[in-house]
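Below: one structure, written as structure tokens.
Nothing in this text is a laboratory measurement; each read-out follows from the coordinates by a stated rule. In this text the structure is predicted, and so the values were computed from the model without any measurement. Heads up, the Cβs are rebuilt from the backbone with ideal geometry, glycines too, and the neighbour counts pull from every protein chain shown.
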Amino acid sequence: QVQLVESGGDLVQPGGSLRLSCAASRITFKAYAMTWYRQAPGKQRELVASITSDGSTNYAGAVKGRFTISRDNAKNTVYLQMNSLKPEDTAVYYCNARAGTNNFWGQGTQVAVSS
């Protein structure tokens, strides 16, 4: 079956950086729009950043200028480079793949920003 496997989550100090990865299998990766979402404790899941199949990107206002989404179609992987991390970035980060009616989610990776 389709798998999206996130990795790279960790505990980091404020101002630090992390790079999340999401490796996809059993999908035609290049045809999918890929999106990172996050969910903090007690809050709804929210969109962080997305990248279309042709490479167009979109960011939530809270992360614009600090986070960068990218994709490597040869590796079936989408990345989220997160810089200047803040405590409010603490959340479980989820990878989503969508194309037409196909919609898949990963299991999430925990990011904690704390001193």
Inset, instruction - Please go through segment 1-55 and write out the chymotrypsin sites (Phe, Trp or Tyr not before Pro) that DSSP classes as loop and that have at most 16 other C-beta atoms within 10 Å. - result: none
Inset, instruction - Would you mind putting 38-46, 59-67, 73-81 in packing order, based on average other-beta-carbon counts within 10 Å, highest first? - result: 73-81, 59-67, 38-46
Inset, instruction - Just tell me which lysines come within less than 26 Å, Cα to Cα, of LYS86; anything on the same chain fewer than 8 places away is out. - result: LYS43, LYS64
